[in-house]
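Throughout, read-outs are computed from the coordinates displayed, never taken from laboratory work. The structure displayed is predicted, hence computed values, not measured ones. For neighbour counting, all protein chains shown are included, and Cβ atoms are generated from backbone atoms with ideal geometry for every residue, glycine included.
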Amino acid sequence: MQNESKLSLFIRDVCKGRTEEELQLAEENFKAYLLLVKEICNRMEVEGKEPIDFNKSD
C-alpha cells in the first residue's frame, strides 16, 4: 500500500534519532489514532451530523 509507506516515511522523518522499536511504536500509535478519527467521522455521518470544520474561523 502506497499510503502505508508514506505514513512510515512521515513517522521516520518526524522521529529522527529514535530506535527502531520507538519508530514501530510511534507508527502503531499513529495508525490507531487515525483509525479512531475515521471511526468518529463515520459515526457522525451515520448520525447525520456535520463534521467539524477546523479551517473555518468564527
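Only helical DSSP H runs with n ≥ 4 go in: add -39500 (n - 2.57) per run for the chain, normalise by residue count and round the 222 nm mean residue ellipticity to 500 deg cm²/dmol.
Helices in the chain give a 222 nm mean residue ellipticity of -23500 deg cm²/dmol.
Exactly which trypsin sites (Lys or Arg not before Pro) in segment 15-58 are in a DSSP loop and have at most 10 other Cβ atoms within 10 Å?
16, 49, 56
When N counts the residues of the chain, how does its alpha-carbon radius of gyration compare numerically with 2.2 N^0.38 Å, as a ratio?
My calculation over the Cα atoms of the chain gives 1.48.
Tell me which lysines have Cα within less than 21 Å of residue 31's Cα, excluding those fewer than 8 residues away on the same chain?
Straight-distance partners of residue 31: 6, 16.
What order do you get for 40, 11 when you list them from fewest to most C-beta neighbours inside 10 Å? Could you put the intermediate results ahead of the total?
Numbers: 40 12, 11 18.
Ordered from fewest to most neighbouring Cβ atoms within 10 Å, 40, 11 come out as 40, 11.
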